[in-house]
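Reading through the structure tokens given below for one structure.
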Amino acid sequence: MAQKIDPIRSTTPEAIELAQKLCAEARFGALAVLDPGTGAPYVSRVATCTGEENSPVILVSELSHHTKCLIKDPRCSILLGEPGRGDPLAHPRVTLSCIARRMVKDDPDAETITARFLARHPKAKLYASFADFFFFRLNVLSAALNGGFGKAFNLTGDEFRRGH
């Protein structure tokens, strides 16, 4: 009987660095939430930037379905990493399991987050100040990194946020 090989490698500083880099460089991600009406997963593309401890930050409208879902159940995940030339599955990507926390206007870092987000997404200046728009910080619980073929790692939230 053939011995099963665990495809998940031991976490390394390089894996943590790659996961953090994918998050820091991401402009967009696929956000997965749970639909409160059906319990089914719902995925939407969102614009991102990073906040403290490498946490992704998204700007959303109260009118969007994914925002309504996050308000009812803050559990979510986000897939980050852009495919390049050739096989899209050969390029690194990271899935972050998170708890979303709505940021309020008087959060201590609200001004910094707004400036960082608008620097990355200048067109968002057109709507970022609308009354129905606000930020969510995605607090990372764990990360699943696929660094390319044969390079899979599971990171804890602490490893992702702070490194080794």
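The values are calculated or read from the model by the stated rules, or taken from the named source; none is laboratory data. No experiment lies behind these values; they were computed from the predicted model shown. No Cβ is skipped: glycine too gets one built from the backbone with ideal geometry, and neighbour counts run over all protein chains shown. The protein model used for the area step is the full one, side chains on, heavy atoms only, and it has no ligands, DNA or RNA in it. Shrake-Rupley method; radii C 1.70, N 1.55, O 1.52, S 1.80 Å.
How would you order 47-60, 85-98 from highest to lowest mean count of nearby Cβ atoms within 10 Å?
On the way: 47-60: 20.0, 85-98: 16.3.
Per-residue Cβ counts within 10 Å, averaged per peptide and sorted highest first, yield 47-60, 85-98.
When the accessible area of the chain is computed with all protein chains present and a 1.4 Å probe, what percentage of it is carbon and sulfur? Write down the numbers at each step before the final one.
Values: 5520 of 9690 Å².
C and S fraction of accessible area: 57 percent.
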* Asked: Applying 1/(1 + (r/R0)^6) with R0 = 25 Å to the Cβ-Cβ distance of H65 and A110, what FRET efficiency is obtained, to the nearest 0.05?
  -> 0.50
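Given the rule -39500 (n - 2.57) for each run of at least 4 DSSP H residues, summed and divided by the residues of the chain, what is its mean residue ellipticity at 222 nm, to the nearest 500 deg cm²/dmol?
Details: 4 runs with 38 residues, N = 164.
Helices in the chain give a 222 nm mean residue ellipticity of -6500 deg cm²/dmol.
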* Rounded Å value of the spacing that divides the Cα centres of region 90-164 and region 26-65 -> 9
* To do: Report the calculated FRET efficiency for N154 and D35 (r = Cβ-Cβ distance, R0 = 25 Å), to the nearest 0.05.
  => 0.40
* Quote to one decimal, in nm, the extra length available between R85 and S44 on full extension: 0.36 nm per residue of separation minus the C-alpha distance between them. => 12.4 nm
* Asked: For region 65-76, in order, what is each residue's ³J(HN,Hα) by Karplus, 6.51 cos²θ - 1.76 cosθ + 1.60 with θ = phi - 60°, in whole Hz (x at glycine and Pro)?
  -> 5, 5, 5, 4, 5, 5, 5, 6, 8, x, 6, 7
